[in-house]
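Structure first, then comments.
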Amino acid sequence: MCIPLEELSSMTGGSFQSCHIKKLSPAFPQQSTMARRVAVIGAGVSGLSSIKCCLDEDLEPTCFERSNDIGGLWKFTETSKDGMTRVYRSLVTNVCKEMSCYSDFPFQEDYPNFMHQGKFWDYLKEFAEHFDLLKYIRFRTTVCSITKHPDFSETGQWDVVTETEGKQERAVFDAVMVCTGHYLNPCLPLESFPGIHKFKGQILHSQEYKSPEGFQGKRVLVIGLGNTAGDVAVELSRTAAQVLLSTRTGAWVLHRSSAGGYPLTMVITRRWLNFTAQVLPSCVLNWIQERQLNKRLNHENYGLSITKGKKSKFIVNDELPTCILCGTVTMKTSLKEFTETSALFEDGTVEENIDIVIFATGYTFSFPFLEEPLKSLCTKKIFLYKQVFPSNLERTTLAIIGLISLKGSILAGTELQARWATRVFKGLCKIPPSQKLMAEATKKEQLIERGVMKDTSEDKLEFILYLDDLAACIGAKPSIPLLFLKDPRLAWEVFFGPCTPYQYRLVGPGKWDGARNAILTQWDRTLKPLKTRIIPNSTKPTSMSRYLKVWGAPIVFASLLLICKSLGFFFKSVQDNLQDRISPYLISIW
């Protein structure tokens, strides 16, 4: 359990030197256990929020970015020659703007709800400029190594070696935030596909895909069914002769909009729904979920249904079902074998004259700049406390930011990770000792190896539960009962409305005065970019049906709670009454 502490009245420590040095900086006095200078590795979404969180806590960040600009994978480039994973040209976000913004920096109201990758990068640039973050970033700088300082057990400090234009520098930092993310190394499992080395066509990983140019008239096989695979298959279906989409597992296909045209993520990511999901049995939830998803699209008819025994997974794609319906994308089972020009599938079917194979088979992550055993341990999420702190460090001065899979916006999760981590660095939040964390993680790993426990470390985390957990560590989790007493209008929107990131700026450290207004006006910003055609004399009073659609479920839920509470009092009263009457008889019989 992590414990938020009171703000310290003063900070102690020795003098601090700039990290732009050639020689090793002198260590801080050993009695100082509080971090001051922080190295941030990477200037993507997680890196930018980490820089800002350091500044918010009066820390001194220095960010090292190997490319020449901010944004990480969101900075589009025409090629992938630098080895960095980048977005493809046509990418559109699959989480709406109100759910995927920094918690104290809303998108401009005229930004579309789901935006092109270039527009999202503009937002990151606006964020960096607004909070004056660029001056803390050293571009074209590669981190070569991060090792423990000789007196790490006393100071928690790290030696960081970097390289800029062939010139190496070394500096000492009190803490390190690793923000390199998931998408480092393309996973290209060629050995899992017999005959692949005989295949004479072109083989690509989706990391190399940028645009449909060069695929005209080709027969393309896409392997995998994640968000990228779906996007690539749909885009290529407009220019390629035929697109085949092979999947072992299947997937539930979600649309960006829900019933009524509202952004789906704003409709389904709500506290009252999360509360209901915790109460209902999983079998009931799965039944409701499958019923709703198949109501809009019969996944079995489209070859998309989840293979028996496989975990459910979801992708967001508005056009894939239409492409399948029109025949421009053909769903195929798991691939069994390649020949020189064709592909044999598990169901016995064969597709001839394949020109290009695109492996949309994901990525592996690694930390080549860390030393062993820390390097290996950080690749096992089971050994990362709350997906952030390595369990084996006696000093909690290194944090992994952004190595999470969430059922929602990764940006919102990484920001809270950074807020928590910086307060741990300062000594304002405590986490359990490393001996206890290692013992718990090792025991869990052994149970998984023996098959006693399922390994859920790679599963997507529940958005609200995870963010609430981190927010509670720093004292930023909103209290719903207290809100209903102090501000019923806001409380209603917080509990029954979308769980937007602004909720974690209402109270506690990092409280933002604009959070309340941001929550109460979030639907205005959602509808604003849609109001581009105003029809004269079309204003009509809102119908009762619309009110029922928007507020019906919350009202029913609140009513059920009241009824259950009333029934609880009723049954307790009856039980007490019966007990008073029956007890004497039981005593006499005994």
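Please give the net charge around residue 204, taking every other residue with its beta carbon less than 12 angstrom from that of residue 204, where Lys and Arg add +1 and Asp and Glu add -1.
Values: positive: 210, 218; negative: 208, 355.
Charge balance in the 12 Å sphere: 0.
Could you tell me whether segment 99-250 comes out rounded, prolate or oblate from its Cα gyration tensor? Rule is a ≥ b ≥ c as square roots of the eigenvalues, rounded for a/c under 1.5, then prolate if a/b exceeds b/c, otherwise oblate.
oblate
Taking all protein chains together and a probe of 1.4 Å, list 59, 447 from the most accessible to the least accessible.
I get 447, 59, largest accessible area first.
Would you kindly work out the equivalent ellipsoid of segment 139-191 from its C-alpha gyration tensor and give its semi-axes, the square roots of five times the eigenvalues, largest first in whole Å? Before the final figure, lay out each step's value.
Details: eigenvalues 146, 56, 19 Å².
Each semi-axis is √(5λ); the values are 27, 17, 10 Å.
Let me understand segment 108-183 better: what is its radius of gyration from the alpha carbons, and its Dmax, in angstrom?
So, for segment 108-183, Rg and Dmax equal 17.5, 53 Å respectively.
What number results when the radius of gyration of segment 41-106, computed over Cα atoms, is divided by 2.2 N^0.38 Å?
In units of the globular-protein estimate, segment 41-106 measures up at 1.28.
Average the reciprocal distances over every distinct pair of alpha-carbons in segment 438-478, invert the result, and give the Kirkwood radius in Å. Provide the component values of the computation, followed by the final result.
On the way: mean 1/r = 0.0825 Å⁻¹.
Across segment 438-478, the inverse of the average 1/r is 12.1 Å.
Given a 1.4 angstrom probe, I'd like the percentage of the accessible area of the chain that is carbon and sulfur, rounded to a whole number. Intermediate values should be presented prior to the final figure.
On the way: 16230 of 29640 Å².
The nonpolar share, carbon plus sulfur, comes to 55 percent.
Per DSSP helix of 4 or more residues, -39500 (n - 2.57); summed, then divided by the residues of the chain. What does that give at 222 nm, rounded to the nearest 500?
Value at 222 nm, helices only, nearest 500: -10500 deg cm²/dmol.
Please report, to one decimal in angstroms, the Kirkwood hydrodynamic radius of segment 354-417 built from all distinct Cα-Cα pairs.
Values: mean 1/r = 0.0731 Å⁻¹.
Mean inverse Cα-Cα distance, inverted, gives 13.7 Å.
Using only protein heavy atoms and a 1.4 Å probe, report how much of residue 209 is accessible, in Å² to the nearest 10.
Roll a 1.4 Å probe over it and residue 209 shows about 10 Å².
If you place +1 on the Cβ of every Lys and Arg and -1 on the Cβ of every Asp and Glu, how big does the dipole about the Cα centre of segment 295-387 come out, in debye to the nearest 20?
Dipole about the Cα centre, nearest 20: 860 debye.
Let me cross-check residue 477: its accessible surface, 1.4 Å probe, with only protein heavy atoms counted, in Å² to the nearest 10?
My reading of the accessible area for residue 477 is about 100 Å².
Return the Cα extents of the chain along principal axes one, two and three, sorted largest first, each rounded to a whole Å.
Its Cα atoms span 86, 70, 69 Å along the three principal axes.
Once R0 is set to 41 Å, what does the formula 1/(1 + (r/R0)^6) return for the Cβ-Cβ distance between residue 275 and residue 170, expressed as a FRET efficiency to the nearest 0.05? Display every interim value, and only then the final one.
On the way: r = 51 Å, r/R0 = 1.25.
Between residue 275 and residue 170 the formula returns 0.20.
I want the antiparallel fraction of DSSP beta bridges within the chain, as a percent rounded to 5.
Once the DSSP bridges in the chain are tallied, antiparallel ones form about 45 percent.
With every protein chain kept in the model, how would you rank 105, 139 by accessible area, 1.4 Å probe, largest at the top?
Largest accessible area first, the residues go 139, 105.
Per residue, how much accessible area does the chain have with a 1.4 Å probe, in Å²?
50
Going from most exposed to least, what order do 486, 430, 81 have by accessible area with a 1.4 Å probe?
My answer, sorted largest first, is 81, 486, 430.
Assuming a ≥ b ≥ c are the square roots of the Cα gyration tensor eigenvalues, decide whether segment 176-224 counts as rounded (a/c under 1.5), prolate (otherwise, with a/b larger than b/c) or oblate.
oblate
How long is the gain from residue 314 to residue 334 if the chain were fully straight, where each residue apart is worth 0.36 nm and the alpha carbon distance is subtracted?
5.4 nm
May I ask you to list the lysines whose Cα is less than 28 Å away from that of residue 119, ignoring any residue fewer than eight positions away on the same chain?
52, 75, 81, 97, 135, 210, 313, 407, 460, 511, 528, 531
Just how much of residue 283 is accessible, in Å², when a 1.4 Å probe is used and the result is rounded to the nearest 10?
90
Roughly how large, in nm² to one decimal, is the mean projection of the convex hull of the alpha-carbon atoms in segment 383-449? Intermediate values should be presented prior to the final figure.
Numbers: hull surface 19.5 nm².
Result: a mean projected hull area of 4.9 nm².
Which whole-Hz ³J(HN,Hα) couplings does segment 378-393 yield from phi under the Karplus relation 6.51 cos²θ - 1.76 cosθ + 1.60, θ = phi - 60°, glycine and proline marked x?
Per residue, the Karplus-derived 3J(HN,Hα) values read 5, 7, 9, 4, 5, 9, 9, 5, 6, 6, 10, 9, x, 6, 8, 8 Hz.
The values are calculated or read from the model by the stated rules, or taken from the named source; none is laboratory data. Because the structure is predicted, anything quoted here is derived from the model rather than measured. Here Cβ is always computed from backbone atoms with ideal geometry, including for glycine, and neighbour counts include all displayed protein chains. The area values use the complete protein model at the heavy-atom level, side chains included, leaving out ligands, DNA and RNA. Shrake-Rupley method; radii C 1.70, N 1.55, O 1.52, S 1.80 Å.
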